[in-house]
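The values are calculated or read from the model by the stated rules, or taken from the named source; none is laboratory data. All values derive from a computational prediction rather than experimental measurement. Because the Cβ atoms are built from the backbone with ideal geometry, glycine has one as well, and the counts that use them run over all protein chains shown. To get the accessible areas, we keep the full protein, side chains included, count just its heavy atoms, and leave off ligands, DNA and RNA. Shrake-Rupley method; radii C 1.70, N 1.55, O 1.52, S 1.80 Å.
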Amino acid sequence: MNSNINISIIVPVYNAEKYLENCIESIIDQTFNDFELILIDDGSVDRSRKICDKYKKIDKRIKTIYKENGGASSARNRGLDIAKGEYIAFVDSDDYIHNRMYEILYNTAINNSSDIVICDYLEVYEFEEDIILNNRKKNIKLNQNEVINYNNIEALREIYTDEGVKLIIPCNKLFKRYLFNDLRYIEGRICEDEFMAHEILYLSKIVSYIPIN
């Protein structure tokens, strides 16, 4: 795809006013700047739309789409339809990310010719400001020798290990855009990630995993 944008970051938003500002702030605070942020408001009835509007005015990299409620799959698919980036990323509206996340994922993808790059993640069960501030900018030192590369079959086998969830969820990954040329998330399903993960992994030639969090 011809584009001057390296990464399209797609965020489905539904009644997320409690978390959304922190999510957006963690994305626009990235050390990697060459991205577009696509906020898909999926029929929210709280302040989420106003928050999206506010940040669209602040940062020209942000695009907003407002649609009737159709679920996370529908929102992600809408974002994929308009994404212009060479790589695709997904963040959920109640997530926040380390400020070097896309710098590290993108450089790993380039250095390893990766179709997918996967990183570790932390689960935060309560909205605690000290955890957010400490982890958003925590110093990370990456040794490129620690990156583990899988082919598609090896990556598929990793799904069935104790760490398999890392291969399934989309929010800890960077994807080459071509992987979604003929794929979309199944709409109207819960756990939609599980219906999609094996297809994306199978299409990939190199899947890189960075064992840090």
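Taking region 169-191 as the range and being assigned to a loop (DSSP other than H, G, I, E, B) and either out of contact with any strand residue (DSSP E or B) (no Cβ under 7 Å at 6 or more places or on another chain) or over 14 Å from Leu105 (Cβ atoms) (or both) as the test, the residues that pass are Ile169, Asn181, Asp182, Leu183, Arg184, Tyr185, Ile186, Glu187, Gly188, Arg189, Ile190, Cys191. Within region 64-123, the set of residues being within 17 Å of Leu167 (Cα to Cα) and small (Gly, Ala, Ser) comprises Ala89, Ala109, Ser114.
Table: residues versus (1) basic (Lys, Arg); (2) in contact (Cβ under 8 Å) with a residue 60 or more places away in the chain.
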position	(1), (2)
Ile27	no, yes
Glu36	no, no
Lys54	yes, no
Ser73	no, yes
Leu80	no, yes
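Where strands (runs of 3 or more DSSP E) fall wholly inside region 1-110, the ranges with 2 or more residues that are among the aromatic types (Phe, Trp, Tyr) and under 21 Å from Tyr121 (Cβ atoms) are 87-90. Across region 98-127, which residue is nearest to Asn151 (Cα to Cα) among those that are open to solvent by less than 10 Å² (accessible area, probe 1.4 Å) and under 13 Å from the mean Cα position of the chain (by Cα)? My answer is Ile116.
Checked against (1) open to solvent by 30 Å² or more (accessible area, probe 1.4 Å); (2) within 17 Å of the chain's Cα centre (by Cα), Val45 passes all but condition (2).
Selection of region 197-213 for residues being crowded, with 20+ Cβ neighbours inside 10 Å and without any contact (Cβ under 8 Å) to a residue 40 or more places away in the chain yields only Ala197.
Out of curiosity, is Tyr55 of a type in the set (Ser, Thr, Tyr), within 16 Å of the chain's Cα centre (by Cα) and open to solvent by less than 40 Å² (accessible area, probe 1.4 Å)? Judged against the criteria, Tyr55 is not a match.
Scan region 155-166 and give yes if some residue there is part of a helix (DSSP H, G or I), open to solvent by 80 Å² or more (accessible area, probe 1.4 Å), at negative phi and not polar (S, T, N, Q), otherwise no. The answer is yes, given that some residue of region 155-166 is part of a helix (DSSP H, G or I), open to solvent by 80 Å² or more (accessible area, probe 1.4 Å), at negative phi and not polar (S, T, N, Q).
Please find, among Gly85, Gly71, the residue that is at positive phi and either crowded, with 17+ Cβ neighbours inside 10 Å or among the polar types (S, T, N, Q) (or both). It is Gly71.
Residues that are open to solvent by less than 40 Å² (accessible area, probe 1.4 Å) and closer than 24 Å to Asn111 by Cβ were ranked within region 128-149; the one that is modelled with the highest pLDDT is Val147.
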